[in-house]
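The values are calculated or read from the model by the stated rules, or taken from the named source; none is laboratory data. Nothing here was measured: the structure is a model prediction, and the numbers come from that model. Positions of Cβ are generated from backbone atoms using ideal geometry, with glycine treated the same way; all protein chains shown enter the neighbour counts.
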Amino acid sequence: MIRIAIQKSGRLNEDSLQILKDCGISIDNGKDQLKAASGNFPLEVFYLRNGDIPQYLRDGVVDVAIIGENVLIEKGEDIEIAEKLGFSKCKVSLAVPKDVAYNGVQDFEGKRIATSYPNTVQNYLKEKDVNADLHIITGSVEIAPNIGLADAICDIVSSGSTLFKNNLKEVEVMLKSEAVLAVSPKISKECREILKQIQFRIQSVLQARH
Ligand code: PRP
Ligand code: MG
């Protein structure tokens, strides 16, 4: 039996369940259960919080996970990616208030940046030799400049509508991301074999979607 983590709620949840379904793996779940089993494949689903998934993989509490590449870049650079899944595409970007003139990344020197992606921002700015003051918040990041908490933000940009609604403009794209199938370093040989079957099915599904 392979244990797979997927996002409990949020943008990846539905598409993650859909790809399993398209792979012919049916999940029998009551809505509020945090765990569910497949009726036709040796697989168990755990519904978890995005940010916790890298640690669960590392600990071997789950064997594989469907997760945003951006989360692995932030919290799990050591974790193996078996497949890119082609959905939940997004960017992780820096944004500033719309009416602020922007001349380049050096403008962030000494500025306060609100973000849920401190490692990603830190690495990006360090490479450009820029020092900023990071404020770590876990959600609703785009509100920070409007309430005087920060001069800029770094967060996920998908449609761009959250930036727009908060009078912000994207000025630096730090990375591009999509959902991936990630693998625990502690996966057993047996589960590795089951994973191979899943990968084989996923590859066919992705090919057909093209
Ligand atoms: C996510 C992300 C951005 C927004 C990007 O927030 O943190 O704020 O979506 O999507 P968009 O470009 O299509 O607007 P979410 O709605 O998940 O809420 P949260 O930040 O409070 O968790
Ligand atoms: Mg948000």
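From the list Val130, Val171, Val157, which residue is assigned by TED's automatic domain parsing to the domain that holds Val100 and within 14 Å of ligand 1 (Cβ to nearest atom)?
Val157
When residues of the range 133-149 are filtered for being hydrophobic (A, V, I, L, M, F, W, C), in contact (Cβ under 8 Å) with a residue 24 or more places away in the chain and within 14 Å of ligand 1 (Cβ to nearest atom), how many remain?
Applying the first criterion (hydrophobic (A, V, I, L, M, F, W, C)) to the range 133-149 yields 134, 136-137, 141, 143-144, 147, 149.
Cutting the leftovers down to in contact (Cβ under 8 Å) with a residue 24 or more places away in the chain gives us 141, 144, 149.
Next, from what is left, pick out any that are within 14 Å of ligand 1 (Cβ to nearest atom): 141, 144.
So the count comes out to 2.
Within the range 185-195, identify whether any single residue is touching a helix residue (DSSP H, G or I) at 6+ places or on another chain (Cβ under 6 Å) and not aromatic (Phe, Trp, Tyr), and answer yes or no.
No, because not a single residue in the range 185-195 is touching a helix residue (DSSP H, G or I) at 6+ places or on another chain (Cβ under 6 Å) and not aromatic (Phe, Trp, Tyr).
Is it fair to say Leu149 is more than 21 Å from the chain's Cα centre (by Cα) and either of a type outside the set (S, T, N, Q) or closer than 24 Å to Asp52 by Cα (or both)?
Details: more than 21 Å from the chain's Cα centre (by Cα): yes; either of a type outside the set (S, T, N, Q) or closer than 24 Å to Asp52 by Cα (or both): yes.
Here the answer is yes, as Leu149 does meet what is asked.
Inspect the range 179-193 for any residue being surrounded by 14 or more Cβ atoms within 10 Å (Cβ to Cβ), polar (S, T, N, Q), within 14 Å of ligand 2 (Cβ to nearest atom) and not in a helix (DSSP H, G or I) and give the result as yes or no.
no
Could you run through the range 91-103 and say how many residues are small (Gly, Ala, Ser) and either part of a helix (DSSP H, G or I) or surrounded by fewer than 17 Cβ atoms within 10 Å (Cβ to Cβ) (or both)?
1
Quick check on my filter: what residues within the range 14-25 are surrounded by 14 or more Cβ atoms within 10 Å (Cβ to Cβ) and of a type outside the set (Asp, Glu)?
Once the filter is applied, which keeps residues that are surrounded by 14 or more Cβ atoms within 10 Å (Cβ to Cβ) and of a type outside the set (Asp, Glu), the range 14-25 yields Ser16, Leu17, Ile19, Leu20, Cys23, Ile25.
Could you run through the range 146-176 and say how many residues are among the aliphatic types (A, V, I, L, M) and crowded, with 17+ Cβ neighbours inside 10 Å?
So the first thing to find is which residues in the range 146-176 are among the aliphatic types (A, V, I, L, M), and the list is 147, 149-150, 152-153, 156-157, 163, 168, 171, 173-175.
Filter once more, keeping what is crowded, with 17+ Cβ neighbours inside 10 Å: 150, 152-153, 156-157, 163, 168, 171, 174.
So the answer is 9.
Please enumerate the residues belonging to the range 152-166 that are assigned to a loop (DSSP other than H, G, I, E, B) and touching a Cys at 6+ places or on another chain (Cβ under 7 Å).
The answer is Ser158, and nothing else.
Would you confirm whether any residue within the range 165-184 is out of contact with any Phe, Trp or Tyr (no Cβ under 8 Å at 6 or more places or on another chain), over 20 Å from Leu85 (Cα atoms) and β-branched (Val, Ile, Thr)?
There is at least one residue in the range 165-184 that is out of contact with any Phe, Trp or Tyr (no Cβ under 8 Å at 6 or more places or on another chain), over 20 Å from Leu85 (Cα atoms) and β-branched (Val, Ile, Thr).
I'm told Ser88 meets every condition in (1) in contact with a helix residue (DSSP H, G or I) (Cβ under 7 Å, 6 or more places away or on another chain); (2) outside any loop (DSSP other than H, G, I, E, B) except one. Can you identify the failing condition by its number?
(2)
Only residues that are buried (at least 19 other Cβ atoms within 10 Å of the Cβ) and in a loop (DSSP other than H, G, I, E, B): list them for the range 104-145, please.
Ser116, Tyr117, Ala132
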